[in-house]
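The values are calculated or read from the model by the stated rules, or taken from the named source; none is laboratory data. Since the structure is predicted, the reported quantities are computational estimates derived from the model, not experimental observations. Don't worry about glycine lacking a Cβ; one is built from the backbone with ideal geometry, like all the others, and counts go over all protein chains shown. We work out accessible area using only protein heavy atoms, side chains counted, and drop any ligands, DNA or RNA first. Shrake-Rupley method; radii C 1.70, N 1.55, O 1.52, S 1.80 Å.
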Amino acid sequence: MKRLFYIATMGCQMNENDSDTLAQHLINSGLAPINDHENADLIMINTCTVREKAQQKAFSLLGRMIALKKRRPEIVLGIMGCIAQQEGLNLLKRYPELDLVLGTREIGNISSILNRIKENSERIVATDLSVTSNIPVIHDGYFHGRLKGFISIMEGCNNFCSYCIVPYVRGREKSRSVQYILSQAKNLISQGTREITLLGQNVNSYYSSESGDVNFPKLLVMLSNIKDLFRIRFTTSHPKDLSEELINCFKQLHNLCPHIHLPFQAGSNSILKMMNRGYSRETYIDLVENLRAARPEIAITSDVIVGFPGETEDDFKMTIDLIEKIEFDNLFSFIYSDRKGTIAEKMDRKISEEIKLFRLSILQGKQKIITLKKNKRLEGKEEEILVEGLSKKGTQLTGRTLSNKVVNFSSNIDLVGKLAKVMIKNSYVNSLQGVLINN
Ligand code: SAM
Ligand code: SF4
């Protein structure tokens with residue numbers, strides 16, 4: 001009988017993608033996936049450490065899996081992702097039940113690592129950032145029927161924003177080859193994928209010289225010519241590297257969706273400087289203007305941090321002011337969290353939790369009003385939806401607009417996987433209600 005594996009994934013889309021890569025390696029090595037961790041032979045916890053809360057969540061799950069391992073000592077228990085990379089050997093020392101600590105660039109070595117655990121009962125730490133890159137093996141059929149696919153086009157980050165742990169746990173930037181990305185896209189499409197999101201910490205700095213000089217806009221042009229790929233998205237885009245050539249892609253490429261996630265992080269120039277972001281609020285505003293000139297209907301979403309060390313009341317007001325000027329379609333807002341080993345961790349003038357939470361609630365209140373206002377503007381408009389399946393309540397169909405907003409509407413299940421035209425009737429903060437237009 002096949003050995004069974006279970007992967008619990010936390011954190012960002014990059015982690016989701018890494019879990020898919022690991023799963024394909026495991027299937028190719030003769031294991032089979034199972035949804036129920038109680039009956040798994042191998043359990044891997046894919047962790048995130050970008051903020052303290054994410055880290056706490058990961059350790060609490062690890063505690064539950066350790067309790068399971070005490071009941072079933074034959075289970076192989078491993079931890080992977082950003083906490084694994086950062087803590088390495090410390091984790092094996094602290095948790096005698098852990099068999100494996102798998103770093104962010106060692107996924108491709110899983111098969112030989114599992115053999116060593118099985119044959120020699122070794123406990124293993126594999127956290128080398130310099131050797132391999134996780135070129136995913138393809139397991140034919142793994143993505144079958146997944147309408148939305150993801151391709152990681154690059155690993156790591158070179159930017160060292162002063163608050164961020166990512167460059168330390170994912171290493172330096174390394175772009176994947178054009179040939180790999182195009183063949184991965186074709187493979188996904190052959191399995192039914194119609195929308196592909198290109199992933200990287202800063203996709204704007206993608207560059208490959210293996211088959212001519214290919215930067216990110218050129219890669220987008222190549223992908224946009226692939227047959228049956230309805231929609232292309234990408235994330236994340238760093239404002240300091242958002243070129244005119246990339247902005248023009250929004251004008252020229254028919255299947256590049258009119259949505260960009262462009263984190264601004266703070267609205268005050270002195271905070272942006274301390275964050276080492278490499279742009280000013282004025283540059284950011286100009287970029288948004290250029291994007292809107294290229295594609296007027298483009299949706300703009302962003303990330304923002306409140307309570308960065310030294311953030312004054314005036315700095316915070318500048319952040320609110322920027323939010324009101326730009327009118328983001330949506331915002332992911334976070335309170336600053338100290339990360340071990342980063343430059344910001346060592347800064348003084350830390351902001352109290354109470355003030356951070358107070359500022360966050362003001363900011364989120366303002367954004368809610370803006371999101372609703374922007375969604376209301378869509379009422380009466382016709383939108384193209386890629387139909388994904390049943391809505392959360394299970395009574396309607398659901399899908400997303402080109403600008404990535406959720407729309408629920410009533411129709412026949414046959415539409416799943418297809419493009420449909422709907423008229424927006426009612427708008428809410430988190431979703432839109434539509435009516436199918438018969439073509
Ligand atoms: N590479 C992406 C970029 O630059 O936009 C984002 C990567 S990070 C995983 C996602 C978001 O987490 C960041 O945009 C930032 O807003 C937030 N973040 C990162 N470090 C943080 C910290 N120490 N405290 C609070 N939020 C943080
Ligand atoms: Fe972190 Fe900045 Fe790199 Fe994004 S660009 S991953 S925020 S260091």
- Message: Could you check region 285-313 and list, in sequence order, the residues that are buried (at least 18 other Cβ atoms within 10 Å of the Cβ) and in a strand (DSSP E or B)?
- Response: ALA299, ILE300, THR301, SER302, VAL304, ILE305, VAL306
- Based on what the data block shows, is SER403 in contact (Cβ under 8 Å) with a residue 40 or more places away in the chain, polar (S, T, N, Q), under 20 Å from ILE370 (Cβ atoms) and touching a His at 6+ places or on another chain (Cβ under 8 Å)? yes
- Task: Would you check if GLU119 is without any contact (Cβ under 8 Å) to a residue 24 or more places away in the chain and crowded, with 21+ Cβ neighbours inside 10 Å?
- Result: no
- Message: Between a residue in region 245-260 that is open to solvent by 10 Å² or more (accessible area, probe 1.4 Å) and any residue that is assigned to a strand (DSSP E or B), which pairs come within a Cβ distance under 9 Å, given they are 6 or more apart or on different chains?
- Response: GLU245/ASN215; LEU253/ILE232; HIS259/ARG233; HIS259/ALA299; HIS259/ILE300; HIS259/THR301
- Item | Failed item in (1) touching a helix residue (DSSP H, G or I) at 6+ places or on another chain (Cβ under 6 Å); (2) modelled with pLDDT of 95 or more; (3) open to solvent by 20 Å² or more (accessible area, probe 1.4 Å), with LEU199 passing the rest | (3)
- Selected residue (only one of ASP140, ASP128 is more than 16 Å from ligand 2 (Cβ to nearest atom), touching a Lys or Arg at 6+ places or on another chain (Cβ under 9 Å), in a loop (DSSP other than H, G, I, E, B) and among the charged types (D, E, K, R)): ASP128
- Query: Does any residue of region 247-262 turn out to be over 26 Å from LYS376 (Cβ atoms), among the basic types (Lys, Arg) and not in a loop (DSSP other than H, G, I, E, B)?
  - Reply: yes
- Query: Does ARG277 qualify as being within 16 Å of ligand 1 (Cβ to nearest atom), within 16 Å of LEU402 (Cα to Cα), at pLDDT 95 or above and not aromatic (Phe, Trp, Tyr)?
  - Reply: no
- Task: Could you figure out which of (1) charged (D, E, K, R); (2) at pLDDT below 95; (3) touching a strand residue (DSSP E or B) at 6+ places or on another chain (Cβ under 9 Å) isn't true of LYS374?
- Result: (2)
- Message: Suppose we filter ALA58, ALA67, ALA84 for residues that are out of contact with any helix residue (DSSP H, G or I) (no Cβ under 6 Å at 6 or more places or on another chain) and surrounded by 20 or more Cβ atoms within 10 Å (Cβ to Cβ); which single one remains?
- Response: ALA84
- Apart from one, (1) without any contact (Cβ under 8 Å) to a residue 12 or more places away in the chain; (2) assigned to a loop (DSSP other than H, G, I, E, B) all hold for SER183; the odd one out is (2)
- All positions within region 367-399 that are touching an Asp or Glu at 6+ places or on another chain (Cβ under 8 Å) and exposed (fewer than 14 other Cβ atoms within 10 Å of the Cβ): LYS373
- Message: Of the conditions (1) within 12 Å of ligand 1 (Cβ to nearest atom); (2) within 30 Å of PHE230 (Cα to Cα); (3) more than 22 Å from the chain's Cα centre (by Cα); (4) not aromatic (Phe, Trp, Tyr), GLU289 satisfies every one except a single condition; which number is it?
- Response: (1)
- Note on the structure: Among MET44, MET10, the single one that is crowded, with 16+ Cβ neighbours inside 10 Å, hydrophobic (A, V, I, L, M, F, W, C) and within 14 Å of ligand 1 (Cβ to nearest atom) is MET10
- Residue in region 202-244 that is nearest to ILE385 (Cα to Cα), counting only those that are of a type in the set (D, E, K, R) and open to solvent by 60 Å² or more (accessible area, probe 1.4 Å): ASP228
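In region 154-192, which residues are more than 16 Å from ligand 2 (Cβ to nearest atom) and on the phi > 0 side of the Ramachandran plot?
Result: GLY192, single match.
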- Look at region 186-203 and say how many of its residues are of a type in the set (A, V, I, L, M) and part of a helix (DSSP H, G or I). 3
